[in-house]
Amino acid sequence: MGMGSDMYRQQILDHYKNPRNHGELEDPTFSHVGENPSCGDTIKMDVRLDDDGETIDYVSFSGDGCAISQASASMLTQRLPGTTLDELAEMDRDDVVEMLGVDISPMRIKCAVLAEKVVQDGAKIHEGELDIEETTTEE
């Protein structure tokens with residue numbers, strides 16, 4: 001890995017130390033919580049939809065965890081506004097890894113995708129497609 005990957009590592013550390021949109025959102029359209037039991041990461045994602053009920057207006061997160069999970073959540077809060085719920089549903093782990101910009105080891109991939117899975121499950125619950133209390137990265 002060259003200088004480019006160092007830049008992305010610095011970006012991850014910056015989002016970890018200075019998370020964007022961190023905190024609870026007042027009157028979210030939906031909220032959901034998830035955890036990665038193998039690492040101890042926990043994340044709550046709060047989402048407010050536009051008046052159309054389909055487009056994400058604002059996202060915030062709260063929780064604790066490793067640099068990868070917290071940076072991923074912070075980056076997602078910046079990436080998701082303007083995204084529709086259908087586009088959110090189509091996101092996968094490759095989108096998250098691309099967003100982070102570094103290779104993620106198999107041991108850390110659950111950390112990286114936790115926020116994505118939490119917000120996707122929250123949207124499914126909101127739309128009546130899923131009925132769970134909490135998302136987990138364990139199968």
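The values are calculated or read from the model by the stated rules, or taken from the named source; none is laboratory data. Note that the coordinates shown come from a computational prediction; the quantities given were computed from them, not determined experimentally. Quick reminder, even Gly has a Cβ in these numbers, built from the backbone with ideal geometry, and neighbours come from all protein chains shown. Note: accessible area is taken over every heavy atom of the protein model, side chains too, but ligands, DNA and RNA are not part of it. Shrake-Rupley method; radii C 1.70, N 1.55, O 1.52, S 1.80 Å.
Computed quantities for the displayed model
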read-out: Only one of Thr29, Thr42 that is among the polar types (S, T, N, Q) and either over 19 Å from Ile109 (Cα atoms) or buried (at least 20 other Cβ atoms within 10 Å of the Cβ) (or both); value: Thr29
read-out: Test: Leu13 is free of Cβ contacts under 8 Å to residues at least 60 places away in the same chain, part of a helix (DSSP H, G or I) and either in contact with a strand residue (DSSP E or B) (Cβ under 8 Å, 6 or more places away or on another chain) or surrounded by fewer than 22 Cβ atoms within 10 Å (Cβ to Cβ) (or both); value: yes
read-out: Matching residues, segment 60-84, being closer than 19 Å to Glu26 by Cβ and in a loop (DSSP other than H, G, I, E, B); value: Leu80, Pro81
read-out: Some residue of segment 54-64 being in contact (Cβ under 8 Å) with a residue 60 or more places away in the chain, surrounded by 21 or more Cβ atoms within 10 Å (Cβ to Cβ) and either in contact with a Phe, Trp or Tyr (Cβ under 6 Å, 6 or more places away or on another chain) or of a type in the set (Gly, Ala, Ser) (or both); value: no
read-out: Sole residue being of a type outside the set (A, V, I, L, M), within 12 Å of the chain's Cα centre (by Cα) and open to solvent by 50 Å² or more (accessible area, probe 1.4 Å), chosen from Glu87, Glu35, Glu98; value: Glu35
